[in-house]
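Engineer: Shown below is the structure under consideration.
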């Protein structure tokens, strides 16, 4: 890759290294310069531009990031489309992340241009949480390095980043008591254990409370085993201090074996792990009564995901095992609690609005949205493309011929918002769609606003817009472009929902793009589908659509 101040004569197709502000335009870092851009730079007095130009053997940052992301993404993980050389891996399930440090380090050792960062091995994540990010550092990487890194990522028994989903385990609980034990303490412990299990996708099937002696614990354990509880948790009135103490002795008398007593995690040092045949029996440390994260959670999470836990697994927990000052809770905070700095970030929640309420006044007396293309209504093509992305929920705004549009979408998982004022133009449909989102998706971070008459826009193009969205990096409005011109659909951050609802007449919110240029991110597309809306009989015929009256 060539990099540096390139003569403008050599800049057509080059990648701009730094943002350049002109009197009437702003060319942002990473823009692929066109001949028109070069002419504007020349007119502004530039003779060179700091840019990169790919050569034979180079792979552009986005395809390189996509290749590595696809190679790394395992079960329970979705690879988002790359943008500016970054491709995120996002959890699709509630479970435990597997991302072995040695394998991650091996991938990062191939070439400094290609990197992957993951959440810690065995982290607990929920759907939509980021589990890893791939970043190509320069604007391109050698193709040979990309191929070598992909091979390294695939060199293992499973993909590099996997999320093992939690199973709904029927957990048994034994609590022991002495004469000094307060019933309220036992009750609070039960509540905490239930919440902890819910955070790991499991439930408390049965609880037994017995005196703190070997015979009583043995009897309770046999009862829970007969009731097919697994795993079984034992919270003692007194901490376990030796393998011959009450709880381990009871497990041994019941026919179990002690796998490991003590763990290199604090809080949680005095945890005991045992097995009765295939059923795990955990002697919980005293800190299990607290909702704060401790070593007990590390073991319980794996058991609830049916990830084997043995002696070697526990002894490997020492690095990073000092949790004394970590305030994180394994289960959701109560309302009003402060955010935890250790939480895994979530991918943005993007909804979608498809505007399908127009009168088709220029379409020659037919409803263009009901015209068929390859045997399917145009509106169904648009909905299917949107449903193939991660955008949820998908709202379809109806108006003219509401029932026919609904019927054309059949059983697709979309939500409908009817706009009785559809004759007032596009703005009324936009308001109806955003109002529906406020009702069913109040926490949405943004919305992809699409037109119902653009059947050539595919999921791959929509995914590019979703991947570009990053308000904290100044990308709050994501606009598709082709050959330097802007098209549709547009992805808007929630901060613009209020001004969008103030729009009037048969216009959308495009004027806001000009008013908030610093928040705009142009996302280059591979074809002109973002311009092709089907308004006339000639346009319908041009794409091969068949209109019905």
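Engineer: Please compute one quarter of the surface area of the Cα convex hull for the chain and express it in square nanometres.
Structural biologist: Values: hull surface 122.4 nm².
Result: a mean projected hull area of 30.6 nm².
Engineer: Given points 7 Å out from each Cα along the Cα-Cβ axis, report the residue 515 to residue 24 separation in nanometres with one decimal.
Structural biologist: Output for this residue pair reads 2.3 nm.
Engineer: So how tilted is helix 459-468 from the main axis of the chain? Cα-based, degrees 0 to 90, rounded to 10.
Structural biologist: The angle comes out near 70 degrees.
Engineer: To the nearest 500 deg cm²/dmol, what mean residue ellipticity at 222 nm is calculated for the chain from DSSP H runs of n ≥ 4 alone, each contributing -39,500 (n - 2.57), summed and divided by the residues? Before the final figure, lay out the partial values.
Structural biologist: Values: 16 runs with 153 residues, N = 549.
That comes out to -8000 deg cm²/dmol.
Engineer: If you count the DSSP beta bridges with both ends in the chain, what percent of them are antiparallel, to the nearest 5?
Structural biologist: 60 percent
Engineer: OK, next. Gain in length, residue 195 to residue 501, computed as 0.36 nm per residue apart minus the alpha-carbon separation, to one decimal in nm?
Structural biologist: Details: separation 306, 0.36 × 306 = 110.16 nm, distance 4.08 nm.
Additional length available on full extension: 106.1 nm.
Engineer: How much of the DSSP bridge set in the stretch 163-309 is antiparallel, in percent, rounded to the nearest 5?
Structural biologist: Antiparallel bridges make up about 35 percent of those DSSP assigns within the stretch 163-309.
Engineer: Below 8 Å, C-alpha to C-alpha, sequence gap of six or more: please give me the relative contact order for the stretch 58-165 in percent.
Structural biologist: Numbers: 267 pairs, mean separation 43.9, N = 108.
With pairs under 8 Å counted, the relative contact order is 41 percent.
Engineer: Rounded to whole Å and ordered largest first, report the semi-axes of the equivalent ellipsoid of the stretch 50-170 derived from its Cα gyration tensor (root of 5λ). Please report the intermediate quantities before stating the final value.
Structural biologist: Working: eigenvalues 158, 40, 20 Å².
That gives 28, 14, 10 Å for the three semi-axes.
Engineer: Quick one: which of 432-445, 501-514 comes out on top by average Cβ neighbours within 10 Å, and what's the full order, highest first? Don't skip to the end; give the middle numbers.
Structural biologist: Working: 432-445: 17.4, 501-514: 14.0.
By packing density, highest mean first, the sequence is 432-445, 501-514.
Engineer: Can you tell me the convex hull volume per residue for the stretch 365-524, based on C-alpha atoms, in Å³ to the nearest whole number?
Structural biologist: Residue-normalised Cα hull volume stands at 123 Å³.
Engineer: Taking just the alpha carbons, could you work out the radius of gyration and Dmax for the stretch 426-468, both in angstroms?
Structural biologist: Both quantities, over Cα of the stretch 426-468: 12.1, 30 Å.
Engineer: Could you work out the equivalent-ellipsoid semi-axes for the stretch 169-245, taking the square root of 5 times each eigenvalue of the Cα gyration tensor, largest first, in whole Å? Walk me through the intermediate numbers first.
Structural biologist: Numbers: eigenvalues 80, 50, 24 Å².
That gives 20, 16, 11 Å for the three semi-axes.
Engineer: For the stretch 185-338, compute Rg over Rh where Rg is the Cα radius of gyration and Rh is the Kirkwood radius from the inverse mean 1/r over Cα pairs. Intermediate values should be presented prior to the final figure.
Structural biologist: On the way: Rg = 14.8 Å, Rh = 15.7 Å.
Ratio of gyration radius to Kirkwood radius: 0.94.
Engineer: Test of understanding: what is the full-extension gain from residue 407 to residue 483, defined as 0.36 nm times their sequence separation minus their Cα-Cα distance? Walk me through the numbers on the way to the answer.
Structural biologist: Numbers: separation 76, 0.36 × 76 = 27.36 nm, distance 3.70 nm.
Extending this stretch completely gives an extra 23.7 nm.
Engineer: Using a 7 Å offset from the Cα along the Cα-to-Cβ direction at both residue 168 and residue 43, what is the distance between the two label points in nm, to one decimal?
Structural biologist: Taking the two extended label points, one gets 6.5 nm.
Engineer: Between residue 183 and residue 416, how many nm apart are label points set 7 Å from Cα along the C-beta direction?
Structural biologist: Here the answer is 5.6 nm between the modelled labels.
Engineer: Starting from the coordinates of the alpha-carbon atoms of the stretch 373-428, obtain the Kirkwood hydrodynamic radius over all distinct pairs and give the value in Å to one decimal. It would help to have the intermediate numbers written out before the result.
Structural biologist: Working: mean 1/r = 0.0828 Å⁻¹.
One over the average 1/r among Cα pairs gives 12.1 Å for the stretch 373-428.
Engineer: While we're here: Between residue 473 and residue 121, what FRET efficiency comes out of the Förster formula 1/(1 + (r/R0)^6) with R0 = 22 Å and r the beta carbon distance, rounded to 0.05?
Structural biologist: Values: r = 28 Å, r/R0 = 1.25.
That pair, residue 121 with residue 473, gives E of 0.20.
Engineer: Remind me, relative contact order of the chain in percent, using alpha carbon pairs under 8 angstrom and six or more residues apart? Write out the running numbers ahead of the final one.
Structural biologist: Numbers: 1168 pairs, mean separation 55.3, N = 549.
Once divided by the residue count of the chain, the mean separation gives 10 percent.
Engineer: From the gyration tensor of the Cα coordinates in the stretch 39-117, what semi-axes in whole Å does the equivalent ellipsoid have, largest first, with each one equal to sqrt(5λ)? Spell out each step's value before the answer.
Structural biologist: Working: eigenvalues 246, 49, 20 Å².
Equivalent-ellipsoid dimensions as semi-axes: 35, 16, 10 Å.
Engineer: Sticking with this structure for a sec: For helix 378-387, report the angle its Cα long axis makes with the longest principal axis of the Cα atoms of the chain; keep it between 0 and 90° and round to the nearest 10°.
Structural biologist: It is inclined by approximately 40 degrees.
Engineer: Cα atoms only, the stretch 238-277: Rg and Dmax in Å?
Structural biologist: Final numbers for Rg and Dmax: 10.1, 29 Å.
Engineer: Report the extension gain between residue 392 and residue 439 in nm, rounded to one decimal, defined as 0.36 nm multiplied by the number of residues separating them, less their alpha carbon distance. Write down the numbers at each step before the final one.
Structural biologist: Working: separation 47, 0.36 × 47 = 16.92 nm, distance 1.35 nm.
Full extension of this stretch gives 15.6 nm more.
Engineer: Averaging over every viewing direction, what projected area does the convex hull of the Cα atoms of the stretch 251-315 cover, in nm²?
Structural biologist: Details: hull surface 16.9 nm².
Mean projected area for the stretch 251-315: 4.2 nm², to one decimal.
Engineer: Which of 200, 166 has the fewest other C-beta atoms within 10 Å, and how do the rest follow up to the most?
Structural biologist: On the way: 200 25, 166 22.
So the residues, fewest neighbours to most, are 166, 200.
Engineer: Please order 177, 298 by the number of other Cβ within 10 Å, starting at the fewest.
Structural biologist: Values: 177 17, 298 24.
By the 10 Å Cβ count, ascending, the order reads 177, 298.
Engineer: Still on this structure, please answer the following. Relative contact order of the stretch 197-330: what whole-number percent is it, with Cα pairs under 8 angstrom and at least 6 residues apart? If you can, show how the numbers build up before the last one.
Structural biologist: Numbers: 216 pairs, mean separation 30.6, N = 134.
It comes to 23 percent, rounded to a whole number.
Engineer: Using r as the Cβ-Cβ distance of residue 35 and residue 543, and R0 as 30 Å, what FRET efficiency do you calculate, to the nearest 0.05? If you can, show how the numbers build up before the last one.
Structural biologist: Details: r = 29 Å, r/R0 = 0.96.
Efficiency at R0 = 30 Å is approximately 0.55.
Engineer: When Rg is the radius of gyration of the Cα atoms in the stretch 2-53 and Rh is its Kirkwood radius, what does Rg/Rh come to? Let's see the in-between values first.
Structural biologist: Values: Rg = 9.4 Å, Rh = 10.5 Å.
My calculation of the ratio gives 0.90.
Engineer: A further question on this structure: Mind jotting down the distance between the C-alpha centroids of the stretch 404-478 and the stretch 18-76, whole Å?
Structural biologist: 29 Å
Engineer: In what order do 427, 290, 91, 180 fall by count of nearby beta-carbon atoms within 10 Å, going from fewest to most? Show your work: numbers first, answer last.
Structural biologist: Working: 427 19, 290 15, 91 27, 180 6.
Arranged by neighbour count, lowest to highest, 427, 290, 91, 180 become 180, 290, 427, 91.
Laboratory data are not the source of any read-out in this text; all were calculated from the coordinates shown. All of these numbers come straight from a predicted model, not from anything done at the bench. Methodologically, a virtual Cβ is constructed for each residue, glycine included, from the backbone with ideal geometry; neighbour enumeration extends over all protein chains shown.
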